[in-house]
Amino acid sequence: MAVDATLATLSNQLVYSAMAVYTGAMAAFAVDLSGRGARVEGEGKVLVGPDGEPARDVASVTPSAPAGASEPRPRTKIGGIAVALTWLAFALHLGGVVARGASVHRAPWGNMYEFSVSGAVVVTAVFLAVLTRRDVRYLGTFVVGPVLLTLGLAVTVLYTRAAQLVPALQSFWLVIHVSVAFIASALFTLAFSTTVLQLVQERRELARAAGNPPARGRFMDNLPGSVELERSSYRLHAIAFPLWTFTVMAGAIWAEHAWGRYWNWDPKEVWSFVIWVVYAGYLHARATRGWDGRRSAYLALAGYGCILFNFLVVNIFFVGLHSYAK
């Protein structure tokens with residue numbers, strides 16, 4: 001089928017619009033994280049007690065808690081704006097992905113540009129889905145920022161004109177294999193951001209315990225403690241790992257259909273398996289060896305480093321059976 005140039009152009013315009021709104025959302029999340037946003041009406045205000053005397057609500061009389069407190073963060077107007085902008089950016093972003101697919105009459109996952117743009121929208125979708133169940137606004141800056149960076153890389157370095165798929169990609173396995181890979185990668189990205197925050201928070205807690213309160217990064221006091229962050233990271237990894245396992249298995253089945261062998265020692269296959277091994281080591285150490293805290297966090301960071309290497313280095317610089325997807 002011929003490429004619909006009008007829809008392809010619309011897709012580009014929607015992606016650029018999403019980037020502009022993401023920028024505003026990231027700035028709003030940063031202000032919210034700093035604690036400088038005004039609280040929503042009713043939080044931290046003077047109330048009237050049962051005896052008619054002025055009384056303050058719990059959020060206002062409780063002293064500023066150190067990092068690690070589990071009290072819910074007060075809602076701020078700027079935080080609400082950040083979430084609303086993220087939803088708007090997601091809608092524009094998703095529209096760009098759909099328009100790209102419609103322009104070529106297929107799933108828009110045929111090259112590095114399409115994979116980057118589509119993968120980024122899944123990261124945002126997973127973040128917003130988690131946000132509907134838990135207050136993880138503190139992750140906003142660290143999720144929207146990488147999404148914006150990915151889109152910037154996609155439109156400036158990886159951009160490829162809309163075109164039809166090469167024969168090897170014309171299979172229903174494209175939808176199965178790549179869609180699950182998107183979700184797993186999105187969860188790994190959220191887990192990575194949480195793990196980095198965990199390590200920073202742990203260092204601050206150790207310094208505070210030693211009598212040396214950190215003078216910088218006070219916005220971290222608005223985040224959960226390192227133990228809670230570590231648990232959240234583990235849960236995200238525990239969900240993402242089975243999905244990545246399925247991704248590797250589905251890729252092997254697709255390889256047998258396309259190339260006649262389940263395993264071809266292609267660089268992409270090898271590094272996908274390396275990622276699986278590192279994360280399997282992380283989960284095993286965390287579950288059976290009691291490696292919580294910093295030691296398991298380093299393994300998790302190594303796993304995400306392998307994901308980045310697989311995406312940014314193997315896909316671009318290594319020659320193999322997957323080279324057509326550049």
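The values are calculated or read from the model by the stated rules, or taken from the named source; none is laboratory data. Just so it is clear, the model here is predicted, and its values are computed rather than measured. Quick reminder, even Gly has a Cβ in these numbers, built from the backbone with ideal geometry, and neighbours come from all protein chains shown. Just the protein is used for accessible areas: all its heavy atoms, side chains included, with ligands, DNA and RNA removed. Shrake-Rupley method; radii C 1.70, N 1.55, O 1.52, S 1.80 Å.
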Residues located in region 1-38, provided they are at pLDDT below 95, among the β-branched types (Val, Ile, Thr) and in contact with a Gly (Cβ under 6 Å, 6 or more places away or on another chain)
Val31
I'd like to check something: does region 112-127 contain any residue that is acidic (Asp, Glu) and over 15 Å from Leu7 (Cβ atoms)?
no
Which one is farthest from Ala184 (Cα to Cα) among residues in region 251-264 that are assigned to a helix (DSSP H, G or I) and either in contact with a Gly (Cβ under 6 Å, 6 or more places away or on another chain) or open to solvent by 50 Å² or more (accessible area, probe 1.4 Å) (or both)?
Trp259
Restricting to region 265-277, name every residue that is within 15 Å of Ala250 (Cβ to Cβ) and open to solvent by 30 Å² or more (accessible area, probe 1.4 Å).
Lys268, Phe273, Trp276
Please determine whether any residue of region 108-125 is free of Cβ contacts under 8 Å to residues at least 40 places away in the same chain, hydrophobic (A, V, I, L, M, F, W, C) and at negative phi.
yes
If we scan region 172-181, do we find a residue that is touching a His at 6+ places or on another chain (Cβ under 9 Å) and open to solvent by 30 Å² or more (accessible area, probe 1.4 Å)?
yes
Can you pull out every residue in region 127-136 that is surrounded by fewer than 22 Cβ atoms within 10 Å (Cβ to Cβ) and either among the small types (Gly, Ala, Ser) or assigned to a helix (DSSP H, G or I) (or both)?
Leu128, Ala129, Val130, Leu131
Output the number of residues of region 278-319 satisfying the condition of being open to solvent by 70 Å² or more (accessible area, probe 1.4 Å), of a type in the set (Val, Ile, Thr), part of a helix (DSSP H, G or I) and closer than 19 Å to Gly251 by Cα.
0
Which residue out of Arg208, Arg231 is at pLDDT below 90 and open to solvent by 70 Å² or more (accessible area, probe 1.4 Å)?
Arg208
Restricting the search to region 76-125, which residues are within 18 Å of the chain's Cα centre (by Cα), open to solvent by 10 Å² or more (accessible area, probe 1.4 Å) and aromatic (Phe, Trp, Tyr)?
Trp87, Phe90, Phe115
Being in contact with a Ser or Thr (Cβ under 8 Å, 6 or more places away or on another chain), at pLDDT below 90 and at negative phi, is that true of even one residue in region 184-199?
no
Leu158 - would you say it is open to solvent by less than 40 Å² (accessible area, probe 1.4 Å), within 25 Å of Leu243 (Cβ to Cβ) and not in a helix (DSSP H, G or I)?
yes
